[in-house]
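Written below as structure tokens is the structure these notes are about.
The values are calculated or read from the model by the stated rules, or taken from the named source; none is laboratory data. Owing to the predicted nature of the structure, the values given are computational and were not obtained by experimental measurement. Neighbour counts run over all protein chains shown; Cβ positions are idealised from the backbone, glycine included. Remember, those area values only see protein heavy atoms, side chains included, never the ligands or the DNA or RNA. Shrake-Rupley method; radii C 1.70, N 1.55, O 1.52, S 1.80 Å.
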Amino acid sequence: MTAAVAALDEPVERVGRGWTAALSLANGAIWVGWYGPLQILLALQAEDFAPGTGMSKETLLAWVTGAGAVVSLAANPFFGALSDRTVSRFGRRTPWIVAGAGGGACALLLLAGAGSVWTMAAGWCLVQLTLNAAFAAVTAALPDRVPRLQRGAVGGWLGAAQILGVVVGTGLATVVGGVGAGYTACAVFALVGVLPYVLRHPDLRLAPADRPPWAWRTFLAGFWLSPRRYPDLGWAWLTRFLINLSNALVLLYLLYYLRDRLHYGDPDQGVLILTAVNGVTLLCTVVVAGVASDRVGRRKPFVIWSGVLMAVATAALSGWQTWPGAIVAAAVLGVGFGVFTSVDFALMTDVLPKAMDRGKDLGVINVANSLPQVAAPALAAPIVTYLGGYRVLYLVAAVIGLAGALLVRRIRSVA
């Protein structure tokens, strides 16, 4: 079997630990580039710039992150589709991983020197554009190379890398000293972290004859995956969207929640502690859940109960507004999200319609990750400002997450 033929075949050979580790590191590096800014740096910049804009820091942060999320909505499926069609000596995915990580590093350095709201917003939009190119290619590599009965385990390692990326990004943003230094550290990590995968593991190449003829109308029409034609994909997408929206509502104002509601003495350090607690408990479940899902051959029960657990933890943030309550909620959220992250990723790859469109279809699915970044600020800002504050915000987040967990039962083709 040639590499060109294998690019479109359903994978049957199990991938090794080295391949999984390198892809996981690349995935984690991208999340460092996203969550150093999202957890700490953008909030600090918003606080600095807000007095001259006539907006509160919460509203300014919502506008900037929302604008970046809009870019992400289009970038992920677009670059996924381009990687599907890429014919090069380096394969379909590798060129986009390299270009995306390099561009993301440059965009983070632009943010490091931002002197105005407009530069801040432009820099964050560029970060979303470029890192989504890399992320689309990294996630598409899994269904390209990993057989179905290994996807839960590999998805678990990718999920572990994701949360470690969040922890490392938050840590770098907190401890290196200053906003500019934080962005620089995240930029270096995002670029260096993809190198082991792209240098040591050759990508599968698409034969020129296998690439469909180019037509703009066909290309654009391919981004619509009809829920009527692919109902399981539609329900899987909605499940991911609702649970990620719930999680985004929890994370968006976490720094401000600690400072303004809990009156925690060092909110920057508090975010880092909660992120670390969440990361430790997530790491305890993310790989184990993926392996267990592979062994029993079932996905839905894991997704349902993880979503229920996350909803309970989110509700606790509303009813138990103390520092110990925040620690317990972070720990329980980590357990639930660890299970969800690994098993949901495997579930998504199990419902993909076509091998030729893996990158594009996963990009459309990944909109369920980025769209909550648009919806969360639009929903959270008025709730916090006018409709009851953080208590109501976290109750709403819990209800949304619970709905997402229960709707996974509508998927028919996956057990």
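All of (1) farther than 30 Å from R92 by Cα; (2) buried (at least 20 other Cβ atoms within 10 Å of the Cβ) hold for F340 with one exception: (1). Residues of the range 372-410 that are of a type in the set (S, T, N, Q) and within 13 Å of N247 (Cβ to Cβ): Q373 alone.
In the range 112-133 there is no residue matching the filter, namely being part of a helix (DSSP H, G or I), closer than 26 Å to V287 by Cβ and more than 20 Å from the chain's Cα centre (by Cα). Do we have any residue at all in the range 351-371 that's out of contact with any Cys (no Cβ under 9 Å at 6 or more places or on another chain) and without any contact (Cβ under 8 Å) to a residue 40 or more places away in the chain? So far as the range 351-371 goes, yes, one or more of its residues are out of contact with any Cys (no Cβ under 9 Å at 6 or more places or on another chain) and without any contact (Cβ under 8 Å) to a residue 40 or more places away in the chain. Within the range 259-306, the set of residues being of a type in the set (G, A, S), more than 27 Å from G36 (Cβ to Cβ) and touching a Gly at 6+ places or on another chain (Cβ under 8 Å) comprises A292, S293.
I need the full set of residues from the range 258-267 which are in contact with a Leu (Cβ under 7 Å, 6 or more places away or on another chain) and either aliphatic (A, V, I, L, M) or part of a helix (DSSP H, G or I) (or both), in order please. Step through it out loud before you land on a result.
Our first condition is that a residue be in contact with a Leu (Cβ under 7 Å, 6 or more places away or on another chain); within the range 258-267, this holds for 264, 267.
Passing the criteria: only P267.
Here's the yes/no breakdown for (1) buried (at least 24 other Cβ atoms within 10 Å of the Cβ); (2) within 29 Å of L225 (Cα to Cα):
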residue: G66; (1), (2): no, yes
residue: V70; (1), (2): no, yes
residue: A99; (1), (2): no, yes
residue: C106; (1), (2): no, no
residue: L110; (1), (2): no, no
residue: T119; (1), (2): no, no
residue: G123; (1), (2): yes, no
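Within the range 256-269, take every residue that is touching a residue at least 40 places away in the same chain (Cβ under 8 Å) and open to solvent by less than 20 Å² (accessible area, probe 1.4 Å) and give me the one that is nearest to R412 (Cα to Cα). Of everything passing the filter in the range 256-269, Y257 is nearest to R412 (Cα to Cα).
Is there a residue in the range 76-94 that is closer than 20 Å to N247 by Cβ and surrounded by fewer than 24 Cβ atoms within 10 Å (Cβ to Cβ)? Break it down stepwise before answering.
Our first condition is that a residue be closer than 20 Å to N247 by Cβ; within the range 76-94, this holds for 76.
Next, only the ones that are surrounded by fewer than 24 Cβ atoms within 10 Å (Cβ to Cβ) stay: none.
No, there is no match, as no residue in the range 76-94 is closer than 20 Å to N247 by Cβ and surrounded by fewer than 24 Cβ atoms within 10 Å (Cβ to Cβ).
Looking only at residues in the range 279-289 that are open to solvent by less than 40 Å² (accessible area, probe 1.4 Å) and either of a type in the set (V, I, T) or modelled with pLDDT of 85 or more (or both), which one is farthest from L172 (Cα to Cα)?
Pass one, the range 279-289, residues open to solvent by less than 40 Å² (accessible area, probe 1.4 Å): 279, 281-282, 285-287, 289.
Next, from what is left, pick out any that are either of a type in the set (V, I, T) or modelled with pLDDT of 85 or more (or both): 281, 285-287, 289.
Numbers: T281: 20, T285: 25, V286: 23, V287: 25, A289: 29 Å.
Result: A289.
Would you point out which residue out of G363, G338, G359 is part of a helix (DSSP H, G or I), of a type outside the set (S, T, Y) and in contact with a Leu (Cβ under 6 Å, 6 or more places away or on another chain)? After applying the criteria, what remains is G338. Where helices (runs of 4 or more DSSP H) sit wholly within the range 148-257, those with at least 2 residues that are more than 21 Å from P95 (Cα to Cα) occupy 151-175, 179-192, 216-221, 231-252. In the range 366-375, the count of residues that are buried (at least 20 other Cβ atoms within 10 Å of the Cβ), under 23 Å from G297 (Cβ atoms) and of a type in the set (A, V, I, L, M, F, W, C) is zero.
Within the range 216-255, the set of residues being without any contact (Cβ under 8 Å) to a residue 40 or more places away in the chain, hydroxyl-bearing (S, T, Y) and open to solvent by less than 50 Å² (accessible area, probe 1.4 Å) comprises S226 only.
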